[in-house]
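Engineer: What follows is a structure written as C-alpha cells; I'll ask about it next.
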Amino acid sequence: MGPEEVNQIYQIATMEALLGGIYDGDVTIRKLLSHGDFGLGTFNGLDGELLMLDSVCYQLRSDGSATPAGADELVPFAVVTRFRPQQTIEVTQAHDRAQVTALIDAAVGSPNLMVTVRVNGVFEIMRTRTVSRQEPPYRPFTEATHDQHEVAFTDIGGTLAGFRMPQWVQGISVAGYHAHFIDAGRTRGGHALDYRLLRGTVDISVGSELHLSLPRTPQFEQADLTDVDADGQIRRTEGG
C-alpha cells in the first residue's frame with residue numbers, strides 16, 4: 001500500500017443514482033475490500049446497511065441484527081477508505097450528537113475537506129434505522145425509506161463509523177455527517193440517526209483525494225438523473 005492510498009476515499013456510484021432508484025450494482029464485497037478497510041454503503045436491492053470495519057464487511061438488517069457479508073454480495077453504493085487516524089479526541093463526559101460533531105469540526109477547521117470518523121465508546125442512546133429489501137420495479141429512495149425500521153439501543157458499547165463530507169459533494173455523496181453503528185459484539189447495528197455518547201474516543205483523518213467509480217450496468221447508463229432534488233431528498237432520507 002502506497003502512502004497516497006492511505007485515507008484516500010474510494011466511492012462506488014453516486015448518491016443521486018441511489019435516490020433515482022438504482023439499487024443494483026456490479027461491485028462485489030471482495031472488490032470493495034481491495035479498496036479499503038473502513039466504510040459504509042448498502043447492498044443490492046437495499047438489502048440492509050453496509051458497514052466495513054477492520055477489513056470486515058457487515059450487513060446491518062432491518063431487525064437491528066448485524067452479520068458478516070458474503071464476499072460475492074453486490075453493492076450499488078459504497079464509500080470506503082484505508083483508515084489511519086491522524087488525531088484522537090478523548091471524550092470523558094456525556095456529549096450529544098451535535099456536541100460530538102462540533103468537536104470534530106473544531107479539530108478539522110476547514111469545512112471544505114473530507115473527514116473520516118470513528119467513535120469507539122459507550123452510548124447512553126443510539127437510535128438507528130435500516131432500509132428494507134426492495135423488489136423490482138424499484139421505487140425512488142425517498143419512497144423506499146418509508147419502509148425503514150427504527151431501533152433504539154440503550155447503554156451500549158460499540159463503534160460509530162462514517163464520514164463528514166463538504167457541502168459541494170452533495171448528490172455525488174452525502175454532505176455533512178453520515179455514519180453507521182455496530183455494537184461491541186458486532187451483532188447489532190444500523191444507520192445512525194441520533195445518539196448520546198457517554199465516554200469514548202473520536203478518531204479522525206482528513207483527506208483531499210476522492211476516487212469515484214461509476215457502475216457500468218444498463219440500469220445506471222440508461223437512467224435519467226437530470227431532475228433529482230438531491231439536497232432535499234438526501235436530507236429527508238438521511239435523517240438530517
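Where a number appears in this text, it was derived from the coordinates with a stated rule and is not lab data. Keep in mind that this is a model prediction, so the values were computed, not measured. Cβ coordinates were reconstructed from backbone atoms using ideal geometry, including for glycine residues, and neighbour counts include every protein chain displayed.
Engineer: Hey, what angle do you get for helix 97-108 against the long axis of the chain, alpha-carbon based, 0 to 90 degrees rounded to 10?
Structural biologist: The angle comes out near 90 degrees.
Engineer: Would you mind working out the magnitude of the charge dipole of the range 47-95 relative to its Cα centre, with +1 at each Lys and Arg C-beta and -1 at each Asp and Glu C-beta, to the nearest 20 Debye? All intermediate terms of the calculation are to be shown ahead of the outcome.
Structural biologist: Working: 3 positive and 7 negative charges, 49 e Å.
It works out to roughly 240 debye.
Engineer: Only helical DSSP H runs with n ≥ 4 go in: add -39500 (n - 2.57) per run for the chain, normalise by residue count and round the 222 nm mean residue ellipticity to 500 deg cm²/dmol.
Structural biologist: Counting only the DSSP helices, I get -4000 deg cm²/dmol.
Engineer: May I pose another question? Relative to the Cα centre, what is the charge dipole magnitude of the range 1-123, using +1 at the beta carbon of each Lys and Arg, -1 at the beta carbon of each Asp and Glu, and rounding to the nearest 20 debye? Provide the component values of the computation, followed by the final result.
Structural biologist: Details: 7 positive and 15 negative charges, 48 e Å.
Dipole magnitude for the range 1-123 comes out near 240 debye.
Engineer: Quick one: if you stick a label point 7 Å off each Cα along the C-beta vector at residue 26 and residue 211, how many nm between them?
Structural biologist: Taking the simple label geometry, residue 26 and residue 211 are separated by 1.8 nm.
Engineer: A follow-up question, please. Given the Cα-Cα distance of residue 84 and residue 135 and 0.36 nm per residue of separation, how much length would full extension add, in nm?
Structural biologist: The span from residue 84 to residue 135 would gain 14.6 nm if fully extended.
Engineer: Please state the shape class of the range 98-225: rounded when a/c is under 1.5, otherwise prolate if a/b exceeds b/c and oblate if not, all from the C-alpha gyration tensor.
Structural biologist: In terms of gyration-tensor shape, oblate.
Engineer: Using θ = phi - 60° and the Karplus form 6.51 cos²θ - 1.76 cosθ + 1.60, what ³J(HN,Hα) does each residue of the range 213-226 get, whole Hz, x for Gly and Pro?
Structural biologist: 10, 8, x, 10, 9, x, 4, 6, 5, 9, 6, 9, 10, 8
Engineer: Continuing with the same structure: Once phi is turned into ³J(HN,Hα) by the Karplus curve 6.51 cos²θ - 1.76 cosθ + 1.60 with θ = phi - 60°, what whole-Hz value does each residue of the range 41-46 show in order, with x for glycine and proline?
Structural biologist: Going residue by residue, I get x, 8, 10, 3, x, 6 Hz, with x marking Gly and Pro.
Engineer: Taking the dipole about the Cα centre of the range 3-238, with the C-beta of Lys and Arg at +1 and of Asp and Glu at -1, give me whichever of 200, 41, 178 is farthest to the positive side.
Structural biologist: 200
Engineer: To continue, here is another question. How much net charge surrounds residue 111 when only the other residues with a Cβ under 11 Å from the Cβ of residue 111 are counted, with Lys and Arg +1 and Asp and Glu -1?
Structural biologist: Value of the local net charge: 0.
Engineer: When the Karplus curve 6.51 cos²θ - 1.76 cosθ + 1.60 is applied with θ = phi - 60°, which whole-Hz ³J(HN,Hα) does each residue of the range 202-211 get, with x for Gly and Pro?
Structural biologist: Using θ = phi - 60°, the values come out as 10, 9, 9, 9, 10, x, 10, 10, 10, 10 Hz.
Engineer: Something else now. Please give the charge dipole size of the chain, origin at the Cα centre, charges +1 on K and R Cβ atoms and -1 on D and E Cβ atoms. Round to the nearest 20 debye.
Structural biologist: Here the chain has a charge dipole of around 500 debye.
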